[in-house]
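Accompanying notes for the structure given below.
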Amino acid sequence: MMERLLSDKQRIELVKDNCKRISEEVAEAAIKSGRKPEDVRLMAVTKTVEPVFINAAFECGINLMGENRVQEFLGKRDELNLDGVEKHLIGHLQKNKVRSIVGEVDMIESVDSVSLAQEISKRSAAKGIVTDVLLEVNVGNEESKFGFSFEEVEQAMYEISELEAVRVRGLMSIPPICDDIALTRKNFAKMYKLYVDISSKIFNNINILSMGMSGDYVEAILEGANLVRVGSKMFGNRIYR
Ligand SMILES: *Cc1c(COP(=O)(O)O)cnc(C)c1O
């Protein structure tokens, strides 16, 4: 709605205001949860957003971006000012796209099967690199969502940790959307417990818990997230073409 009424220039200003405000909220929530502001990272989720607005977020100090689709990322990255910006893939990844994305992003957050991890490892090894990944957890056991079930995660973690060219860095989750914030917090807390549990086992590289989006990033941080992924609250509602 709003986007249609604004000029590009106005929208750039709006994105910058949003970034500033959200960064402040993230810092406040970090402190409230007993951590330092720099312990929690804010990601700009850039699907459907044009480069000019994404660059506005970078100008504002956002140094982490997440894209859902390989093609969309590769298509617009030449127009992005990516100096000092870390790039993550956060959408479901098909095996036949692995080859084109490995080495182009710093992390793949959406590893949702052991066979996908095997493919990432194989393609990374072929390029002589190791790819950082997160395991996606379907904490609400929703039919419509990708990810390991809560029960499967640990076993998958053992199997994936054996692979030569991936390094598991933590967990990512998209809890069910619900109006009841208490329920949302319960899912975040459940994820945090799993994260602590898993990182206390033999997995010593694990230090990322990616959860919380536009509607609930403050609650996610209060429950222990250290990476929140924010799209529409930063850039305005998405227009899918
Ligand atoms: C789109 C998306 C987000 C951001 O969603 P908003 O509600 O717009 O903040 C976060 N994570 C993933 C995996 C997404 O696909």
Per-pair calculated FRET efficiency, R0 = 22 Å: Lys193 and Asp106 via Cβ, rounded to 0.05
0.20
Could you tell me the center-to-center distance, by alpha carbons, between segment 204-233 and segment 22-37 in angstrom?
11 Å
So what are the ³J(HN,Hα) numbers for segment 195-212, from phi and the Karplus equation (6.51, -1.76, 1.60; θ = phi - 60°), rounded to whole Hz, Gly and Pro as x?
4, 5, 4, 5, 6, 7, 7, 7, 8, 8, 8, 7, 8, 10, 10, 9, 7, x
In a Gaussian network model over the chain where Cα atoms closer than 10 Å are linked, find which of Asn207, Asn187, Asn96 has the largest mean-square fluctuation.
Asn96
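So what is the relative contact order of the chain, in percent, for Cα pairs below 8 Å that sit 6 or more residues apart?
Numbers: 435 pairs, mean separation 48.9, N = 241.
Relative contact order of the chain: 20 percent.
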Once ligands and nucleic acids are excluded and a 1.4 Å probe is used, how much of Ile239 is accessible, expressed in Å² to the nearest 10?
50 Å²
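Compute the whole-percent fraction of alpha carbon pairs in the chain spaced more than 29 Å apart.
Details: 7742 of 28920 pairs.
For the chain, the fraction of Cα-Cα distances above 29 Å is 27 percent.
Residues of the chain: accessible area per residue at 1.4 Å, in Å²? Spell out each step's value before the answer.
On the way: 12010 Å² over 241 residues.
It amounts to 50 Å² per residue over the chain.
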Most fluctuating residue of Ala156, Ala30, Ala220 in a GNM of the chain with Cα springs under 10 Å: which is it?
Ala156
To the nearest 20 Debye, how big is the dipole of segment 97-221 about its Cα centre, given +1 on the beta carbon of each Lys and Arg and -1 on that of each Asp and Glu?
360 debye
Please report the relative contact order for segment 126-203, taking Cα pairs under 8 Å with a sequence separation of at least 6, and give it as a percent rounded to a whole number.
33 percent
For Glu72 and Tyr240, extending 7 Å from Cα along the Cα-Cβ vector and measuring point to point gives, in nm, a value of 1.0 nm
With every protein chain left in place and a probe of 1.4 Å, what is the accessible surface of Leu163, to the nearest 10 Å²?
40 Å²
Explain nothing, just compute: Karplus ³J(HN,Hα) = 6.51 cos²θ - 1.76 cosθ + 1.60, θ = phi - 60°, for every residue of segment 137-146 in order, whole Hz, x for Gly and Pro.
10, 8, 5, x, 6, 7, 3, 7, 10, 7
Mind listing the lone cysteines of the chain, meaning no other Cys beta-carbon sits under 4.7 Å from theirs?
Cys178
Would you mind checking which residues have amide H under 5 Å from Leu64's amide H? H placed 1.01 Å from N; only 5 or more apart, or other chain.
Ala44, Glu86
Considering Cα pairs under 8 angstrom that are at least six residues apart, work out the relative contact order of segment 190-241 and quote it in whole percent.
29 percent
For the chain, set up a Gaussian network in which alpha carbons nearer than 10 Å are linked by springs, and say which option among Asp112, Asp132, Asp83 fluctuates the most.
Asp83
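Can you give the helix-only mean residue ellipticity at 222 nm for the chain, where every DSSP H stretch with n ≥ 4 adds -39500 (n - 2.57) and the sum goes over all residues, rounded to the nearest 500 deg cm²/dmol? It would help to have the intermediate numbers written out before the result.
On the way: 10 runs with 101 residues, N = 241.
It comes out at -12500 deg cm²/dmol, rounded to the nearest 500.
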Label-to-label distance, nm, for residues given as Glu24 and Glu38 (7 Å Cα→Cβ offset):
2.2 nm
Considering the dipole of segment 2-235 built from charges on the beta carbon (Lys and Arg +1, Asp and Glu -1) around the Cα centre, which of Gly170, Val40, Gly61 is farthest to its positive end?
Gly61
Kindly provide log₁₀ I(q)/I(0) values, in the same order as q = 0.09 Å⁻¹, from the Debye equation applied to equal alpha-carbon scatterers of segment 44-182.
-0.29
Gain in length, Glu159 to Glu59, computed as 0.36 nm per residue apart minus the alpha-carbon separation, to one decimal in nm?
32.0 nm
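The values are calculated or read from the model by the stated rules, or taken from the named source; none is laboratory data. Because the structure is a prediction, the values reported are computed rather than measured. Here the Cβ is made from the backbone with ideal geometry for all residues, glycine too, and neighbour counts use every protein chain on show. For the accessible areas, the whole protein counts, side chains as well, though only heavy atoms, and no ligand, DNA or RNA atoms are used. Shrake-Rupley method; radii C 1.70, N 1.55, O 1.52, S 1.80 Å.
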